[in-house]
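The values are calculated or read from the model by the stated rules, or taken from the named source; none is laboratory data. All values reported here derive from a predicted model rather than from experimental measurement. Please note: Cβ atoms are built from the backbone with ideal geometry, for glycine as well, and neighbour counts cover all protein chains shown. Heavy atoms of the whole protein, side chains included, go into the accessibility calculation; ligands, DNA and RNA do not. Shrake-Rupley method; radii C 1.70, N 1.55, O 1.52, S 1.80 Å.
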Amino acid sequence: MNDDCLFCRIAQRRLPAEIVAEDDDVLAFKDVNPQAPTHLLVIPKSHIARLSDLTPETARVVGQTVLMANRLAQQSGIAEPGYRLVMNCGPQAGQSVWHLHLHLLGGRPMKWPPG
Ligand code: AMP
């Protein structure tokens, strides 16, 4: 937990968010500035600033975020047409919130490469 971290504060219910799912280790909520008809963020409840901070001890949580995202994709009806999972690491990749998060995007056709 990091008191200055936006997503830690959401995980602690100290800031509002449209939470759609959680378990002991991860939390999912709607992105406030959606880039697709379905745009959810899945975060570990523990504070990890960025993907490159993962260690062998903490790496398991990435699998947990993916499993949660896959389940939410099924529930949202985007699993069959397809969806995109994105983790931005660092400023040049577009990371703007320094708490590890997985974007679940779907509900429209997407281009590749993303630009
Ligand atoms: P990234 O650019 O990969 O760090 O993604 C951060 C995401 O967090 C962006 O898509 C933002 O729209 C989203 N975001 C920022 N603040 C909030 C918030 N308070 N509630 C929900 N999503 C947020």
On a 0 to 90 degree scale, rounded to 10, what angle separates helix 60-76 from the longest Cα axis of the chain? 40
How far apart, in nm, are two points set 7 Å out from the Cα along the Cα-to-Cβ line at residue 49 and at residue 111? 3.3
Spit out the partnerless Cys residues in the chain, using Cβ distances under 4.7 Å as the pairing rule. 89
Per residue accessible area in Å² of the chain, where ligands, DNA and RNA are left out and the probe is 1.4 Å: 60
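Which net charge results when you count Lys and Arg as +1 and Asp and Glu as -1 among the other residues whose beta-carbon is under 12 Å from that of residue 16?
Summing Lys and Arg as +1 and Asp and Glu as -1 gives +3.
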What list of ³J(HN,Hα) couplings, whole Hz, do you get for the range 14-29 from phi and the Karplus terms 6.51, -1.76, 1.60, once you set θ to phi - 60° and write x for glycine and proline? 8, 10, x, 7, 8, 6, 10, 6, 7, 9, 4, 10, 10, 9, 10, 8
Just need the relative contact order of the chain here, percent rounded to a whole number, with Cα pairs under 8 Å and 6+ apart. 30
Per residue of the range 102-115, what does 6.51 cos²θ - 1.76 cosθ + 1.60 with θ = phi - 60° give for ³J(HN,Hα)? Whole Hz please, x for Gly and Pro, Karplus curve as stated. 10, 7, 10, 10, x, x, 8, x, 10, 8, 9, x, x, x
Whose amide H sits under 5 Å from the amide H of residue 26, counting only residues 5 or more places off or on another chain, with H placed in the peptide plane? 45
Which value in nm describes the separation of the simple spin-label points at residue 4 and residue 96, placed 7 Å from the Cα toward the beta carbon? 2.0
Mind jotting down the three principal axis lengths of the chain based on Cα atoms? Whole angstrom, largest first. 37, 29, 27
